[in-house]
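Scroll down for the structure; my scribbles are underneath it.
The values are calculated or read from the model by the stated rules, or taken from the named source; none is laboratory data. Nothing here was measured: the structure is a model prediction, and the numbers come from that model. Counting neighbours? That spans all protein chains shown, and the Cβs are built from the backbone with ideal geometry, glycine included. With ligands, DNA and RNA removed, areas are computed over all heavy atoms of the protein, side chains included. Shrake-Rupley method; radii C 1.70, N 1.55, O 1.52, S 1.80 Å.
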Amino acid sequence: MNINRMHGAGGQVMQNLIKETILGNLDNTSVNGGIGLNDLDDGATIPLGDKEIVFTVDGHTVSPIFFPGGNIGTLATCGTINDLSVMGAKPLALSLSIILPEGFEIEKLDKIMKSINKSCNEAGVAIITGDTKVSMVEDIIISSAGIGIVDKGKAIRDCGMKEGDKIIVSGNIGEHGMAVLLSREGFEFDTELKSDVAPLNDIIASVLNENIRVNAMKDPTRGGLADSLNEMVEKSGLGIYINEEDLPISDEIVALSDALGIDPLTVANEGKVVMAVHKDDAEKCLEILKKHPLGKNAKIVGEVVSEHKKVVMKTIVGKRIIDTPVGDPIPRVC
């Protein structure tokens, strides 16, 4: 079998590749008992005194590299910042590794670097090291790594859901992947849709600083909300009920999804967080999120249950199981 794009699309095919071929050949995947690669969380931890260093890395290849609402540079920085943030860490610093194709326009690189600078300034994060190569690649590729810090034992795991937790989504889903798709394919829809790409550290900190009991978090990127919820279910051994009528999704995304035959639950997001919050803190959490510019459309969409180990959506006509997608229906979006 050869690698194809489904192997990088965030769904079941990619998970199998990681577990069988990548993890299957590694036997040293954690440091001093911290969260490691085998945990397949959004990052890893390195215990250090009364703190833990949170470390993550991400590679970015998107087509087109410029799209409504952002570009590959904003994706690289925000994606890494968000992976640190959903583990409860304060992001501190990033690295950048840039691989450029021969003939790439310096003006484009200049624009990308300005976007990177803007995102990092917004998040209060420094770029402290990097590497640049020119190679025979199709288009620019950016890999970014990041470090953050969290109190020892306070890192938030995507496996940490508890029965009775409420599931909260911070805003409208499906915007990033759909914006990239429309830009790439040139569909003639009358729309001003933009990617939601944004750093989440401030909105997440606004919740954690109020001592809201967040038991699990993820940013629903490749594979969308469906993939993230299924990962949380698989790792916790619990189930989730979500209510279709409570999902934060715009009429525009619904219409576009229907027209293109795409399930918006499987479409990538780059500026949203899904949280499993203690039931007694859920309303306060929602109130805090709604006060933030990135959380004005936040909603409680469901709850964690022990009666099954699936993601089940309640609809107006009954219930249906939301499976882990085979892959993202829109490749090369992040």
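Checked against the criteria, ASP42 counts as under 30 Å from LEU208 (Cβ atoms), in a loop (DSSP other than H, G, I, E, B) and in contact with a strand residue (DSSP E or B) (Cβ under 7 Å, 6 or more places away or on another chain).
Rundown of residues vs (1) among the charged types (D, E, K, R); (2) more than 17 Å from the chain's Cα centre (by Cα), yes/no style:
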residue	(1), (2)
GLY103	no, yes
LYS114	yes, yes
ASN117	no, yes
GLU122	yes, yes
THR129	no, yes
SER135	no, yes
GLY146	no, no
LYS152	yes, yes
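Of all residues in the range 113-169, those that are closer than 27 Å to ALA216 by Cα and among the basic types (Lys, Arg) total 5.
Annotation: of all residues in the range 172-215 being among the β-branched types (Val, Ile, Thr) and under 17 Å from ASN71 (Cα atoms), the one that is nearest to the chain's Cα centre (by Cα) is VAL197. For the range 131-139, does any single residue satisfy the condition of being touching a Ser or Thr at 6+ places or on another chain (Cβ under 7 Å), part of a strand (DSSP E or B) and loosely packed, with under 12 Cβ neighbours inside 10 Å? Yes. Can you confirm whether LYS162 is of a type in the set (Lys, Arg), at negative phi and open to solvent by less than 20 Å² (accessible area, probe 1.4 Å)? Taking the combined requirement at face value, the residue does not satisfy it.
No other residue among ILE46, ILE18, ILE99 is open to solvent by less than 60 Å² (accessible area, probe 1.4 Å) and under 21 Å from THR129 (Cβ atoms) apart from ILE99. The residue pairs whose first member lies in the range 18-35 and is at positive phi, whose second member is open to solvent by 80 Å² or more (accessible area, probe 1.4 Å), and whose beta carbons are closer than 9 Å, counting only pairs six or more residues apart or on different chains, are ASN32/LEU48. Which residue is most open to solvent (accessible area, probe 1.4 Å), if the candidates are limited to the range 181-195 and must be within 30 Å of ILE288 (Cβ to Cβ) and touching a strand residue (DSSP E or B) at 6+ places or on another chain (Cβ under 9 Å)? So the residue we want is LYS194.
Checking the structure you have, find out if any residue of the range 216-228 is over 12 Å from the mean Cα position of the chain (by Cα) and open to solvent by 10 Å² or more (accessible area, probe 1.4 Å). No, every residue in the range 216-228 fails to be over 12 Å from the mean Cα position of the chain (by Cα) and open to solvent by 10 Å² or more (accessible area, probe 1.4 Å). Among the residues of the range 4-15, just one is farther than 16 Å from GLY224 by Cα and either in contact (Cβ under 8 Å) with a residue 24 or more places away in the chain or surrounded by 14 or more Cβ atoms within 10 Å (Cβ to Cβ) (or both), namely ARG5.
Please pick out the residue among VAL317, VAL277 that is over 24 Å from ILE203 (Cβ atoms) and either of a type in the set (A, V, I, L, M) or open to solvent by less than 10 Å² (accessible area, probe 1.4 Å) (or both).
Numbers: VAL277 fails: over 24 Å from ILE203 (Cβ atoms).
Residue meeting the stated conditions: VAL317.
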